[in-house]
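To start, I am sharing the structure in question, which I have written as structure tokens.
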Amino acid sequence: MLVRMEHWQLLLELCDRNPELITNKFNGPEGKVKSHALWKTVTSKSNSLGYGEKPMEGWRKALTDWKSETKSKAAAIKREMQKTGGYSNDSPPSHYPSWRTNFWQ
């Protein structure tokens, strides 16, 4: 089942209210129980949107994959910025004099 925009909105709202979902750090003796209950809530609310169903592990994997992809994109952007001295390749830095802008094009 494809995760739709409505699913992401719901999932991110739940993550805002429960940041443990993102960090996956449920502390204390009841941590595992709380984690299971929270993911059960995520699963039931996400599946109730009516676009199909995923098991609890499917929703966990969707969030894990999203986090991984986001971190990968951030790392790629950082690498690119380091190659160009902190600027994107698309445009010259705004503090450069106008005579130097032709150099960047």
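Quick note: the coordinates plus some simple rules give every number you see, no bench work behind them. Please read these numbers as outputs of a predicted model, since none were measured by experiment. Neighbour counts run over all protein chains shown; Cβ positions are idealised from the backbone, glycine included.
Yes/no matrix, rows are residues, columns are (1) touching a strand residue (DSSP E or B) at 6+ places or on another chain (Cβ under 9 Å); (2) acidic (Asp, Glu); (3) not in a helix (DSSP H, G or I):
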residue	(1), (2), (3)
Glu6	no, yes, no
Leu10	no, no, no
Leu14	no, no, no
Ile22	no, no, no
Asn27	no, no, yes
Thr43	no, no, no
Gly50	no, no, yes
Glu57	no, yes, no
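While we're on this one: If I filter the range 67-85 for residues that are in contact with a helix residue (DSSP H, G or I) (Cβ under 8 Å, 6 or more places away or on another chain) and either acidic (Asp, Glu) or not in a loop (DSSP other than H, G, I, E, B) (or both), do I get at least one hit?
For the range 67-85, residues in contact with a helix residue (DSSP H, G or I) (Cβ under 8 Å, 6 or more places away or on another chain) and either acidic (Asp, Glu) or not in a loop (DSSP other than H, G, I, E, B) (or both): present.
So the check is Cβ under 9 Å with 6+ separation or different chains; which pairs have a first residue in the range 60-74 that's in contact (Cβ under 8 Å) with a residue 12 or more places away in the chain and farther than 20 Å from Trp39 by Cβ and a second one that's surrounded by 13 or more Cβ atoms within 10 Å (Cβ to Cβ) and of a type in the set (Lys, Arg)?
Here the result reads none, with nothing in the range 60-74 linked to a residue that is surrounded by 13 or more Cβ atoms within 10 Å (Cβ to Cβ) and of a type in the set (Lys, Arg).
Could you list, in sequence order, all residues of the range 1-39 that are among the basic types (Lys, Arg) and surrounded by 12 or more Cβ atoms within 10 Å (Cβ to Cβ)?
Listed by number, the residues that qualify are Arg4, Lys34.
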